[in-house]
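A.B. asks: Can you keep this structure in mind? I'll have questions shortly.
The values are calculated or read from the model by the stated rules, or taken from the named source; none is laboratory data. This is a predicted model, so every value here is computed, not measured. All Cβ positions, even for glycine, are placed from backbone atoms using ideal geometry, and neighbour counts span all protein chains on display. With ligands, DNA and RNA removed, areas are computed over all heavy atoms of the protein, side chains included. Shrake-Rupley method; radii C 1.70, N 1.55, O 1.52, S 1.80 Å.
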Amino acid sequence: MIQLEHVSKSFSEGIPALNDVSLHISEGEFVFVVGDSGSGKSTLIKLLLKELEPTSGSITINDIDIRKLPHRKIPYFRRNIGCVFQDFRLLKDRNVYDNVAFAQRAVGASNRSIRQKVPVMLSMVGLAAKYRSFPKQLSGGEQQRVAIARALVNNPRILLADEPTGNLDNNNAWEIMNLLEMINSRGTTVVVVTHNMEIVRAMGKRVITIQKGNVVSDSLVDGMGGDDDEN
Amino acid sequence: MFSLASIATMAACIFLFGLFFAIVTNFQSMVKEAEEGVAVTVLFDDDITPQQIAEIGDRIKERPEVSAYNFKSADDAWEEFSQIYFEGNEELAEGFGDDNPLQKSESYEIYLNDVSMQDTLVKYLENLDGVREVRRSEIVANTLSDFNRLIGYVSAGIILILLCVAVFLISNTVTVGIAVRKEEIGIMKLIGATDFFVRAPFVVEGILIGLIGSALPLALLYGMYSRLIVYIMEKFNFLSSLMNFLPVSTVFRTLIPIALVLGVGIGFLGSFTTTRKHLKV
């Protein structure tokens, strides 16, 4: 599903943001990517979205070598990847319904499809009753739910979440994580970048640790905080 | 807000363009009128036959530079000369009786489409059999030709400057508009919107700005033009004998499509190129 082979990314001379990273994420997996600030986690997400080009190495997603992907095909490639960010990135002048519908309109979905899918997504994230609210009327957790609904409304096979709980309190962070786990249980591959180690330890998922651009560990956590299996 | 600024910018540029266009068109029309009054006179050899004169007439008729020509017989020439030089002293002319001192002065008077072609035509005429002399007003022709060229260069220069200013200003206002919606564009691109989808609203907006921004000054110029001509003619009466202003319909028949195409074109180009810079996400 996601395959990185000897991927490096340098922005300028000096320490590379990512250095010779190789990893494989299978379909349906739930993976945490952890590391300190500036370790290269967000660079990894940007490379997966083809927002950035690797300096060297190859990235294959859904059997597509994205280095060879021409510019005009990038939008179609991205439709298979949903993304969620720490700052939610909602359109402030549109209500909840329109924020989610926006993702459908951007891919040219019909009005009928929008009318069918948006309410389903809002129900799934528990915001059906707040479809008319504007982002500023919602809590941080609710805004992130809207962002998740928007990321999923086009049925992507992969969901990338870059610090999705970074702006949330503990309760909301857990709600979001439970929601992501539920989404993963439905078959979507989920990659979560975070530094909330409490959640990472408690969730018992595969954890890839990046330090100074290098993958220093790739292991399955047992859900109680201990490493279960080192890859 | 930004659209209003763009419309105002566009309207100002198209207004200046329209104003300049109306002035240049009128100048060109006046120069053209003057050009049409510049004639080339062809005089014949003494022993020429009427048939040869007719043949020369046919050759002149075939020339593309010629807009009109007429034959002036020796009698016509004498009558015209008498009228000018013996005005008030007609008895002096009568002294010549039936003798025509200008017996050998039959000629063709040729009017040209474009005075800059006078040289070519004169060379051609001088080489015709039976042609004794070709008279022309070189200074007038050259002056008119130079003046015409000058108007052409100045118009091209000013139009180019106006276009550059308009494209620059529109591009700037679109850039500001895009900066405001940068977040929205970024989200669209990450969701998987195509460049066309992202660009379309900006381009449509650019075209609308162009349409409105050119329609407004056109309407203003239309109203101003007729009133201004009437005002000039009333205030400066002496000009009416020197200048013939073009009617509003003649100027606007050309100006309206040009201004609309310019407005829409600038709006389209400005928005299209500016959005392209922001689509490389």
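A.B. asks: Restricted to the stretch A:174-222, and to residues that are of a type in the set (Gly, Ala, Ser) and closer than 19 Å to A:Leu159 by Cβ, which residue is least open to solvent (accessible area, probe 1.4 Å)? Steps first, please.
C.D. replies: Initially, the stretch A:174-222 is screened for residues of a type in the set (Gly, Ala, Ser), giving A:185, A:187, A:202, A:204, A:213, A:217, A:219.
Pick out the ones that are also closer than 19 Å to A:Leu159 by Cβ and you get A:185, A:187, A:204.
Numbers: A:Ser185: 91, A:Gly187: 43, A:Gly204: 25 Å².
Checking each candidate, the answer is A:Gly204.
A.B. asks: Same structure again: Just for the stretch B:201-219: of the residues that are surrounded by 22 or more Cβ atoms within 10 Å (Cβ to Cβ) and more than 12 Å from B:Phe272 (Cβ to Cβ), which one is nearest to the other protein chains (Cβ to nearest Cβ)?
C.D. replies: B:Ile209
A.B. asks: Identify all residues within the stretch B:188-224 that are in contact with a helix residue (DSSP H, G or I) (Cβ under 7 Å, 6 or more places away or on another chain) and free of Cβ contacts under 8 Å to residues at least 24 places away in the same chain; write none if there are none.
C.D. replies: Within the stretch B:188-224, B:Met188, B:Ile191, B:Gly192, B:Ala193, B:Thr194, B:Phe197 meet the criteria.
A.B. asks: Residues to consider are A:Asn155, A:Asn178, A:Asn167; find the one that is part of a loop (DSSP other than H, G, I, E, B) and either closer than 22 Å to A:Leu47 by Cβ or more than 14 Å from every other protein chain (Cβ to nearest Cβ) (or both). Even if it seems obvious, please write down each step before you answer.
C.D. replies: Details: A:Asn155 fails: either closer than 22 Å to A:Leu47 by Cβ or more than 14 Å from every other protein chain (Cβ to nearest Cβ) (or both); A:Asn178 fails: part of a loop (DSSP other than H, G, I, E, B).
When all the criteria are applied, what remains is A:Asn167.
A.B. asks: Within the stretch A:26-39, how many residues turn out to be over 8 Å from A:His195 (Cα atoms) and modelled with pLDDT under 90? Steps first, please.
C.D. replies: Taking the stretch A:26-39 as the starting set, the residues that turn out to be over 8 Å from A:His195 (Cα atoms) are A:26-33, A:37-39.
Next, from what is left, pick out any that are modelled with pLDDT under 90: A:37-39.
Matching residues across the stretch A:26-39 total 3.
A.B. asks: Still on this structure, please answer the following. How many of the residues in the stretch A:125-152 are within 14 Å of chain B (Cβ to nearest Cβ) and closer than 16 Å to A:Asn184 by Cβ? If you could, list the steps in order and put the result at the bottom.
C.D. replies: Taking the stretch A:125-152 and keeping what is within 14 Å of chain B (Cβ to nearest Cβ), we get A:135, A:143, A:146-152.
Keeping just the survivors that are closer than 16 Å to A:Asn184 by Cβ gives A:148-149, A:151-152.
So the count comes out to 4.
A.B. asks: Looking at the stretch B:204-212, can you tell me whether even one residue there is assigned by TED's automatic domain parsing to the domain that holds B:Ile258 and touching a His at 6+ places or on another chain (Cβ under 8 Å)? Before the answer, list the steps.
C.D. replies: So in the stretch B:204-212, the residues assigned by TED's automatic domain parsing to the domain that holds B:Ile258 come out as B:204-212.
Subset that is touching a His at 6+ places or on another chain (Cβ under 8 Å): none.
So far as the stretch B:204-212 goes, no, none of its residues is assigned by TED's automatic domain parsing to the domain that holds B:Ile258 and touching a His at 6+ places or on another chain (Cβ under 8 Å).
A.B. asks: Within the stretch A:110-122, can one find any residue that is free of Cβ contacts under 8 Å to residues at least 24 places away in the same chain, open to solvent by 60 Å² or more (accessible area, probe 1.4 Å), hydroxyl-bearing (Ser, Thr, Tyr) and not in a helix (DSSP H, G or I)?
C.D. replies: Yes - at least one qualifying residue is present in the stretch A:110-122.
A.B. asks: Can you find even one residue in the stretch A:102-111 that is more than 14 Å from every other protein chain (Cβ to nearest Cβ) and at pLDDT 90 or above?
C.D. replies: The initial filter retains those residues of the stretch A:102-111 that are more than 14 Å from every other protein chain (Cβ to nearest Cβ), namely A:110-111.
Add one more test, that the residue is at pLDDT 90 or above, and what stays is A:110-111.
Within the stretch A:102-111, one or more residues are more than 14 Å from every other protein chain (Cβ to nearest Cβ) and at pLDDT 90 or above.
A.B. asks: Hey, can you tell me all the residues within the stretch B:172-185 that are open to solvent by less than 20 Å² (accessible area, probe 1.4 Å) and within 14 Å of another protein chain (Cβ to nearest Cβ)?
C.D. replies: Residue satisfying the conditions is B:Ile185 alone.
Residue by residue, here is whether (1) away from every other protein chain (no Cβ under 14 Å); (2) open to solvent by 70 Å² or more (accessible area, probe 1.4 Å) holds:
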site	(1), (2)
B:Ser116	yes, no
B:Val122	yes, no
B:Glu126	yes, yes
B:Thr143	yes, yes
B:Ile151	yes, no
B:Ile170	yes, no
B:Arg199	no, no
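A.B. asks: Would you mind listing the strands (runs of 3 or more DSSP E) fully within the stretch A:1-99 where at least 3 residues are touching a residue at least 40 places away in the same chain (Cβ under 8 Å) and open to solvent by 50 Å² or more (accessible area, probe 1.4 Å)?
C.D. replies: Values: elements: A:2-9, A:18-25, A:30-34, A:56-61, A:81-85.
In the stretch A:1-99, A:2-9, A:18-25 are the strands (runs of 3 or more DSSP E) which contain 3 or more residues that are touching a residue at least 40 places away in the same chain (Cβ under 8 Å) and open to solvent by 50 Å² or more (accessible area, probe 1.4 Å).
A.B. asks: Just a yes or no: is a residue in the stretch B:252-265 buried (at least 20 other Cβ atoms within 10 Å of the Cβ), within 30 Å of B:Ile178 (Cβ to Cβ) and among the small types (Gly, Ala, Ser)?
C.D. replies: Scanning the stretch B:252-265, I find at least one residue that is buried (at least 20 other Cβ atoms within 10 Å of the Cβ), within 30 Å of B:Ile178 (Cβ to Cβ) and among the small types (Gly, Ala, Ser), so the answer is yes.
A.B. asks: For residues that are in a helix (DSSP H, G or I), modelled with pLDDT of 85 or more and of a type outside the set (A, V, I, L, M), tally how many sit in the stretch B:54-96. Full working, then the answer.
C.D. replies: Restricting attention to the stretch B:54-96, the residues satisfying the condition of being in a helix (DSSP H, G or I) are B:54-62, B:74-85, B:90-94.
Filter again for modelled with pLDDT of 85 or more, leaving B:54-62.
With of a type outside the set (A, V, I, L, M) added as a condition, the list becomes B:55, B:57-59, B:61-62.
Of the residues in that region, 6 qualify.
A.B. asks: I've got another one for you. With the condition kept exactly as written, say whether any residue in the stretch B:220-238 is within 14 Å of another protein chain (Cβ to nearest Cβ) and among the acidic types (Asp, Glu).
C.D. replies: Of the stretch B:220-238, the ones within 14 Å of another protein chain (Cβ to nearest Cβ) are none.
Within the stretch B:220-238, none of the residues are within 14 Å of another protein chain (Cβ to nearest Cβ) and among the acidic types (Asp, Glu).
A.B. asks: Looking at B:Leu190, B:Leu279 in this structure, which one is within 14 Å of chain A (Cβ to nearest Cβ), in contact with a strand residue (DSSP E or B) (Cβ under 8 Å, 6 or more places away or on another chain) and not acidic (Asp, Glu)? Even if it seems obvious, please write down each step before you answer.
C.D. replies: Working: B:Leu279 fails: in contact with a strand residue (DSSP E or B) (Cβ under 8 Å, 6 or more places away or on another chain).
On inspection, the qualifying residue turns out to be B:Leu190.
A.B. asks: Here's something else I'd like to know. Only one residue in A:Ile66, A:Ile74, A:Ile61, A:Ile45 is in contact with an Asp or Glu (Cβ under 7 Å, 6 or more places away or on another chain), hydrophobic (A, V, I, L, M, F, W, C) and within 14 Å of chain B (Cβ to nearest Cβ), so which one is that?
C.D. replies: Just a single option satisfies the conditions, and that option is A:Ile45.
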